[in-house]
Amino acid sequence: MADCPKCPYVGLNLVRTPQGVQVDECPECGGRWFDAGELQAASADPAKLAAALEDGSDSKPSTRACARCGGELRNRPLISRFLRVDYCPRCRGFWVDKNELHLVDKLLKGE
Ligand SMILES: [Zn+2]
Ligand SMILES: [Zn+2]
């Protein structure tokens, strides 16, 4: 069971998004963990998203740890410079805070 990168010792719940993607959601802070490929599977433009994740420029160390492997996350932009996520270079999963999830929805619709 994965723990929330933000809230110590809070376990993540499995939820299904309107796009039909199963993601882990924190019951405390409402943020979501996307495993590698989960967001790509629902994206309007999977190739663009994959290319954006390959581009590691402008990434900085994050204070949080990966929900899956406990490794150090990197804080980085995802496609839009307005959306910054905590990305695990090892698992290729990433964490999105609740207040940024609407930006993910926009990405999924290709807006
Ligand atoms: Zn949390
Ligand atoms: Zn990891």
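Values in this text are rule-based calculations from the coordinates and carry no lab data. It should be emphasised that the depicted structure is a prediction, and the values quoted were computed from it without experimental measurement. Here the Cβ positions follow ideal geometry from the backbone for every residue, glycine too, while neighbour counts run over all protein chains shown.
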## Note on the structure
Along the dipole axis of the chain (charges at Cβ: +1 for Lys and Arg, -1 for Asp and Glu; origin at the Cα centre), the most positive-end residue among G11, C91, I79 is I79
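DSSP loop GluC sites (Glu not before Pro) in the stretch 22-106 with at most 15 other Cβ atoms within 10 Å of their Cβ, which ones? Can you show the working numbers first?
Details: sites: E25, E28, E38, E54, E72, E100; in loops: E28.
Qualifying residues, ordered by number: E28.
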### Query
If contacts are Cα pairs under 8 angstrom and at least 6 residues apart, what is the relative contact order of the chain in percent?
24
### Query
How big is the stretch 13-109 on each of its three principal axes, counting only the C-alpha atoms and giving the largest first in Å?
31, 30, 22
### Task
With a cut-off of at most 16 other beta carbons within 10 Å, and DSSP calling the residue loop, which chymotrypsin sites (Phe, Trp or Tyr not before Pro) in the stretch 4-111 qualify? Please list them.
Y9
### Charge dipole magnitude, Cβ of K and R +1, D and E -1 - the chain, Cα centre, debye nearest 20
160
## Note on the structure
The base-10 log of I(q)/I(0) that the Debye equation returns for the stretch 47-100 at q = 0.17 Å⁻¹, one scatterer per C-alpha, is -0.47
